[in-house]
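For reference, the structure is listed below as C-alpha cells.
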Amino acid sequence: SNLDEFQPLRNIPGVHLLWVRQASQLASLGPTDWVILPGSKNTSGDLAWLRSQGLDAAVARHAGQGGAVLGICGGLQMLGEALIDTHGIDGNAPGLGLLPLVTVFAPDKTVRHTSSRFLDGRAPSPWAGLAGVPVTGYEIHHGQTQQHVAMAAAGNVARAVLPDGLGWCNTNGNVMGVYLHGMFEDAAVLQALFGAQLGGTVPTLETVFDGLADFVEQHFSEEFLHDLIAGH
C-alpha cells in the first residue's frame, strides 16, 4: 500500500523505476542513482528482512560513495541509529545508522494531512532543488523521531530539511528522510526535482488524456469513430 505513491516517477522521461529485493540489484548503482526506502507497516521487521537480504550493507555502501538515499516515513525511521519501543508497538531494533536520529514508539498514532515547505539549503545535494518548495502530503505513523542526543553532543547533527521534525538530511546532504507520504504526487516537488528533464512541465493523467484526445481528433474522421463505436 506504500508503493503506489511512487508510480508518478514512471511518467517522468529519463527516470527508470525498479523495485529491489536483492542486494545484487544494487551492485551496479552509479553516483546519480537514488535508493528510496518506502514506508513500512512494521519498521523493525522490515529492517530485519533488509539485513537478511544484505540490502543494509548495499544501501550503506551507496550512501558512503555519495549516492542519494531517501527514506519516507518508515524508511526515515530505518535510516536512524535506533528504534526504541517500550510499549510493544513495533519492536526494538538498531537502525541503518545513516542519520544521527532515534525513533521512539508510543501508543498514539499520527494520522493527518500535512502542508509544509522545504527549508532553504546552502550545500549542493541531490535535493537542492527542493529548497523553499511547498509540499503537501500526509502522515500516518507510530513513533516520533528526533536527534540522537549523544551523537549531537559529539557534533554529529542531522540538518533539518522540513520544519517540525518532518525531515532531516546528513551533513553531506546525500541522505534524507521525511515523514511525508505523497511527496512524488506533488507537482511542485516533481517540478523542482525533475523540471529540467521535463522541459518545464510535469505530466499528469489529465494532460495525458487530453493529448490522446487531441491526437484522435486530428488523425481520425468523425465517421470512422462512429463506425468504430457501432462495431462496424
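Scanning segment 138-175 for residues that are under 24 Å from Ser44 (Cα atoms), small (Gly, Ala, Ser) and open to solvent by 60 Å² or more (accessible area, probe 1.4 Å) gives a single hit, Ala150.
Per-residue answers, yes or no, for (1) in contact with a Gly (Cβ under 8 Å, 6 or more places away or on another chain); (2) under 16 Å from Ala82 (Cα atoms); (3) surrounded by fewer than 19 Cβ atoms within 10 Å (Cβ to Cβ); (4) modelled with pLDDT of 95 or more:
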position	(1), (2), (3), (4)
Pro31	yes, no, yes, no
Val35	yes, no, no, yes
Gly39	yes, no, no, no
Asn42	yes, yes, yes, no
Ala60	yes, yes, yes, yes
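Number of residues in segment 81-98 that are within 21 Å of the chain's Cα centre (by Cα) and among the small types (Gly, Ala, Ser): the value is 3. Among the conditions (1) surrounded by fewer than 17 Cβ atoms within 10 Å (Cβ to Cβ); (2) charged (D, E, K, R); (3) touching a residue at least 24 places away in the same chain (Cβ under 8 Å), the only one that Asp56 does not satisfy is (1). For residues that are closer than 18 Å to Thr110 by Cβ and in contact (Cβ under 8 Å) with a residue 60 or more places away in the chain, scanning just segment 128-177, find the one that is nearest to the chain's Cα centre (by Cα). Within segment 128-177, the match that is nearest to the chain's Cα centre (by Cα) is Gly177.
The values are calculated or read from the model by the stated rules, or taken from the named source; none is laboratory data. On a predicted model such as this, the values are computed, not experimentally measured, just so you know. Positions of Cβ are generated from backbone atoms using ideal geometry, with glycine treated the same way; all protein chains shown enter the neighbour counts. For the accessible areas, the whole protein counts, side chains as well, though only heavy atoms, and no ligand, DNA or RNA atoms are used. Shrake-Rupley method; radii C 1.70, N 1.55, O 1.52, S 1.80 Å.
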